[in-house]
Structure formats: C-alpha cells, structure tokens
Amino acid sequence: MKISPTAALPFVAWVAPRPGLRGSPEVAPSDVLVSKIAARPGVTCDWFTQPVDHNDKAGTLGTWDQQYCVNREWWAGPGSPVVLMTPGEVPMVGSVSPGRGYTFVDNTTMVGAYAEAIGAATVVLEHRYFGSSSPFDGFDSDTLQFLNMEQAAADIVNFANNIAFPFDTNKTSVASKAPWVYWGASYSATLGSWIERFHPGAFHAFHLSSAIVEANANNWYYYDTIRQGIDAYRNDTAGGAGCSSALNAVIEFVDSILLAPIRNETTVEALKQFFGTTFPIEDDDFAYSIATPFRYWQETQGYLDILKMCDAVVRQDTKPLEDATLGTVPGVVQNYAAYFVRKFRDSTCTYFDVRGQEDPLWCLNTHDYLNPYIEARTIGNPWRTWFWFLCNEPIASWTTGAPKDHLTLVSRKIDSKYFLAQCEMHFPTQNGQAYGSAVGKTPDSLNKQTGGWLRNATRVIYTTGEFDPWRSTTMSSQIRPGGPLQSSDNVAVFLIKNAEHADDSFTARGLASSGVTINPYVQEVQDKSIAIMKKWIGEYKAPKTAAV
C-alpha cells in the first residue's frame, strides 16, 4: 500500500494516482469536514481570517477564511508549545481524516510524535487556494497573483501569532509567547525554509523533510536518483546488464524514433501504438506518458512497483521482434511496453478523469486548449493551482531526461521547454497579469532570493532519503557546492539510508496501520530528531513582554 506524507508530494505537473484522491478531488463542505474530524476527542476544526494580500495594509482587497484543525491531546497547558504543518498543495482533508490509518494531528505521524514528546498541541492548516481555503472561486492569471510563497508564508506566521484556540482563548500559546515547531514534507518543507529565512524567530524550530532549497530548471537528477536506487535495491552494477541499463535501452530505442534527424511519421505512429496509445498524442506527451511508472517511486513503498517492473523488463526469454515498420524491436522494449500497458497506462489519467474520457491518456494532451484538464479553472482543482506555483515562483525543478552521455530512464524529449509551454497553455495573460516565469523570474533568481544551498539556518532539522528523487535539490545534494551540508549546533542534517521521499513523515504506529514495517534507518532518525527537538524546546526563553 502506498501512502503520501502530504497526500500529494510531487513537484511535477502530473502524478500517478494517490490513495484517497481519485477522480475530481472534491472540496469537502466545511460542516462535513469539521463534524467528521471534530468528533474525535480533543480535536476541533475552525476557520481563521486572513487578508488576501498581506502587503495591502489598507485592506482594500478584503479577507478570506483559512481552515484548520487542532488537537489538544498532548498540550500541557498555558504557554505550552504548538507543532504546525500545512499539507501544502492539496486539500487538508486527506491529512486530518483518520480513514487511512494516520493523520497529522496525532502520533501516527511525526507532527504528533513531536507534540507527544514536548507537551504540544498539533495543528494542520490548509494552504491558501487549496481545498476550501481560497480567496477566489476561479483560477486565472489575475486571481492567482496572490498564490505565492511570500503570501503563503505570511499566512502561517499571521496564524501562529494571532490564533485563539478554543482551549487557549487568552492566547498564551501564540508564537510570540510559546515555542512553535514547523514540520513540513516536500513543498511544505520548502515553504518552511522560506518562513525560517524571511520570518526569523516566528517559529522556534523546524523539521523540513525533503525540502527543495535549490531550484533547478533542468532537473534530470530526479530520474537519475531513481536509477541509482534501482541499482542499489537490485544489487545491479551501475552501467552493467541490470535493470537500469535495460530501461536505458528502451529509451534509446524510443528516442531513436522520436528524435530522429529526419522524422518518419509512420514509424512514430507505430511506436506510439506499440505502447498502447489509441488516440492521437503529440511526441512529448507520449514520452511523458511512458515515464508514468517512475513517478510512483516517491510514494511510500512505491519503489516496490518499479522493482516488480524491473523483473518483467529484464526477462531474457523475450526474443527480438521483427516489425515491418519499427524494424528490430529488442526484447526489453517489448517487455516494457507490455508492462506499461498492463500496469500503468490506464492509471496515468485516472486521477484526473472527471468527464469519462475514453482515451486513457487524455489528460496528457498539453497542446489542446479545450482539454478538460486545462479548462478546469474552478475551486477544487488542486493540480491547476499547484502548476501555477511551479510556473510563477518558479520552484520549477522540471524533471527531464538525462544528458546524452548519461544513462536515462525517460525520453530526452522531456525537457524544460515541454513544461514551460504548458505554463502558457494554462495561464495566458489575463487583465495584464502573468505568471512569474513569463515576466523574467527564473530558478536562478529564486535561488538568489532565498540563498539556495548556501543559506544559513537556525534550529532546523533537514532530512532526505538516500534515494529521494528530489535529493539533488536538497541540503543533502551530491552536487551542492562543498558537498552535502553537515550538521552543526544549530542545524541537524540526516541522509536516511534506503529511504525515498519524505519517508520519515510516518511513525511506526502510522505505518503499521497500513501494513507497512518502518525502515529501521527512518526509525533511528526519527528518534534522534525527537531528542534534538526536545533539547531545542528546552532552550526556549519567552520574551519578557510575553508574560501573562
């Protein structure tokens, strides 16, 4: 069973289906969500009023209501700590509903584990523009202008400084009077790094799991880290006759046709049909579709799906096929195509299939303005608002094929231009407003603003899985100048052996409820992190003006 630390962790435009979020991700009516969660002892859900624009001091743009849930189970009384997380780029219902066997308000996750250890309340705060917490109902370039990390960070700081919990109406535990801990995974960890940098002191300490701190417009390392993980788990020799070499051979065959100096339309169409495409699809969309299997890797235990696929691909009993149009089709290409059609093709768009589209790859038609995926511009469409984020900031880190001189798991037809073209398709200029990448923002300018890999930090725990596809963008990146960041008195850095994306999100108890045994290296890092956090909380000194 695959579970996701924030119900949705990727920084790519589309992902494989995720548990609990299939079809159109419905926005749960507030009364339904609140009644469902608040029925649990100690947990209440409510709304907090935020300004549309935190820079609009006159308040001319108005306000909106942000949804949150809080658990007081371990809160030790007035002045006690608070541990907060935001699910980031998805509605919060998946993070607080106990239906999956874990929630981020109890100790099935690290948020609750920290709270239990330090006597804190736990809070899940929905991100602006996701779920029910949106200033607008329609999402175009003009209404999305206030969806950026500056505003999202300001939301969280404003909440922490001003919330009156039902069990603490005197505000003895607001962030100016008590130590608050921010926990985040993936994008929400990246957001936490912004809060730490641009709102120093607002939170006392941070745990940032798989935080992208260095944006990269051409992040071919994403799939290459998966390739390294495949080699390690299968005990294959890098560049040898193992699975990653076989997968590279598949892509070399595909690209010999897609990237041929002289395009042969008949051969290209035959290739697409060989991989089970039944409707017209452009070359880049086709290349992206057959990369679907690898996007399972960053789901908890999703790597097992890839290892099973490897077993099928490297079978030696499939003889080369002589095809009148494609020529000689190697056995590994046949095996991959058959496995893709059988296990992954029909799931590629299931997550987005809100209109009963016949074509199993319908959502990947990124060249058609009338594609329902592009047309859906209303509240309850988290993939649209998330893609705006990638185009606007730009966090980007587009996941692309590897350079020609390097093994690759995906087609080199997938490049940064492929994703940037979608930005324009989704978000044409509206009322003079455009997304950031269209007006000069770049990953380099973002890194300059944030400090990227070379930023300083105070009381931050950075965790990254050894085979996390996003590792190259984190503080444990092998390509970071000077090498991976090392721990110091104020910063703890953990690279977790045999772990993937944000695997330290769930405790042993939370994983057990899903029938998953915790990685012992994850457990070790969690225990060390709790000890460090207890030490940091013990060092907290409330401002003298905060006395009540």
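The values are calculated or read from the model by the stated rules, or taken from the named source; none is laboratory data. The structure displayed is predicted, hence computed values, not measured ones. With ideal geometry, Cβ positions are generated from the backbone for all residues, glycine too; neighbour counts draw on all protein chains shown. Ligands, DNA and RNA are excluded from the accessible area calculation, which covers all protein heavy atoms including side chains. Shrake-Rupley method; radii C 1.70, N 1.55, O 1.52, S 1.80 Å.
List of remarks:
- For Rg/Rh (Cα atoms, Kirkwood Rh), calculated from these coordinates, the label among [x] 1.15; [y] 0.97; [z] 1.40: [y]
- Cα shape, segment 211-327, gyration tensor, a/c 1.5 rule: oblate
- Selection among Ala205, Gly99, Met149 by position relative to the dipole of segment 71-217 gives Ala205 as farthest towards the positive end (Cβ unit charges, Cα centre).
- Computed from point charges on the beta carbon alone (+1 for Lys and Arg, -1 for Asp and Glu), the dipole magnitude for segment 178-242 about its Cα centre is near 100 Debye.
- Nearest-20 debye value, segment 385-450 charge dipole, Cβ charges on Lys, Arg, Asp, Glu: 120
- Cα centroid separation - segment 75-129 against segment 392-449, whole Å: 32
- Eligible lysines near Lys319 by straight Cα distance, threshold 24 Å, same-chain separation 8 or greater: Lys272, Lys308, Lys343
- Among 105-114, 297-306, 390-399, the order from most to least packed when residues are scored by Cβ within 10 Å on average: 105-114, 390-399, 297-306
- Highest mean packing first, where packing is the average number of other Cβ atoms within 10 Å per residue, the peptides 317-325, 168-176, 446-454 line up as 168-176, 446-454, 317-325.
- Charge dipole (Cα centre; +1 on Lys/Arg Cβ, -1 on Asp/Glu Cβ; no other charges) of the chain amounts to roughly 1380 debye.
- Rounded tilt (10° steps) of 303-313 against the dominant C-alpha axis of the chain: 10
- Using a cutoff of 8 angstrom between alpha carbon atoms and counting only pairs six or more residues apart, the relative contact order for the chain works out to 21 percent.
- Mean residue ellipticity, 222 nm, helices only, the chain: the sum of -39500 (n - 2.57) across DSSP H runs of n ≥ 4, divided by residue count and rounded to 500, is -9500 deg cm²/dmol.
- Surface per residue (accessible, 1.4 Å probe) for the chain, Å²: 37
- Sorting 53-60, 85-92 by average packing, meaning the other beta carbons within 10 Å per residue, from highest down gives 85-92, 53-60.
- In summary, the aspartates and glutamates within cross-link reach of Lys448, defined as a Cα separation below 18 angstrom excluding same-chain residues under 8 places away, comprise Glu150, Glu196, Glu214, Glu393.
- 19 Å Cα-Cα threshold exceeded, pairs from Lys171/Lys534; Lys177/Lys541; Lys497/Lys535; Lys171/Lys541: Lys171/Lys534; Lys497/Lys535
- Cα centroid of segment 498-548 to Cα centroid of segment 295-329, whole Å: 38
- Accessible surface, 1.4 Å probe, highest first, among residues Tyr521, Tyr68: Tyr521, Tyr68
- Carbon and sulfur %, accessible surface of the chain computed with the full protein complex present, 1.4 Å: 51
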